[in-house]
Amino acid sequence: MKSPLATSLRKQTPINKKAIPYMTANKSNFTYMKKLLFVIVALTLLLPEEAKSQNNNAGVVSAVAAAGIIAGAILSSEDMKERAELRATQWILANHPEITTFNLETLDFVGKKAKDMSSTSVISFKLQEFTPKANPVLDGKKYILFCFTSYGWINDQGIDFSKVDWHLIDSTEWMNMMVAYTKVASEQKDEKILREKLTAGTIDNKGIKVKGKIEIPFYRLNGDSYLVTEYSNDMKFIYNEKSLCIFLKKTGDLVQMRRQTIIDTHLFLFP
């Protein structure tokens, strides 16, 4: 394990309580019950006045039943988030034994229902190493673990992990990916300039921004036009209508990276 980075404690990130997801406590029942109570009260208030006066008991039962369905969806989404983080942790343990202390979490399930996640093509996990000590902080090497999904990865039984493909990348690999992507999506082909701008700024679906100003704009294409480049033995990059798409050669899937995923990944690896 590398020694802590030479940064002040003031700039270091406090370690998340979930250093390894499956070793943590369950979600707070109190938070879940607050959501459930809110849904019940809201549905009760929305019932027509006539329905309340004619059959108050039936109205309450209807509200509770509807709340149960909604609460079940909330619980299902939370459960899938925990399962996804658990499986991501297992993948790291099985495929990267050199990583022995790490924090792993995903934000892709936050505020989303299970049915909303079924159309998601990429789940991203932030992973960072740290040095064990009395009050540890996240001060080690950073990675992003991408989970690329295939059609039908969510079904009635939950998540089918046989239909996902994992890729772990660090800041160097991400920079190489964004340079290759920007070269195909813009007129700028000078890698030195691209690396300087990407290090100093951010990237989204419009181009590379430095201090809030777009310095390298992307081409404006319609939905029927595609620019393709070979990136590696595993991937091709496709630029289409202000979007980064990745063609996975192993599975034959074409996945689209969400704008927010690109921004969050870049800011995490290059804060």
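The values are calculated or read from the model by the stated rules, or taken from the named source; none is laboratory data. Keep in mind the model is a prediction, meaning the values are calculated, not measured. Counting neighbours? That spans all protein chains shown, and the Cβs are built from the backbone with ideal geometry, glycine included. These accessible areas exclude ligands, DNA and RNA; they are computed on the full protein's heavy atoms, side chains included. Shrake-Rupley method; radii C 1.70, N 1.55, O 1.52, S 1.80 Å.
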Among 168-178, 200-210, what's the highest-first ranking by average C-beta atoms within 10 angstrom per residue? 200-210, 168-178
Of 81/126; 213/236; 163/236; 141/249; 163/189; 126/236, which ones are farther than 25 Å apart at the Cα? 213/236; 141/249; 163/189
Setting aside same-chain residues fewer than 8 positions from residue 183, which aspartates and glutamates have a Cα under 18 Å from its Cα? 173, 191, 196, 204, 215, 230, 241
Give the distance, in whole Å, between the Cα centre of segment 155-206 and the Cα centre of segment 219-271. 7 Å
What percentage of the solvent-accessible surface of segment 141-199, computed with a 1.4 Å probe over protein heavy atoms, is contributed by carbon and sulfur atoms? 44 percent
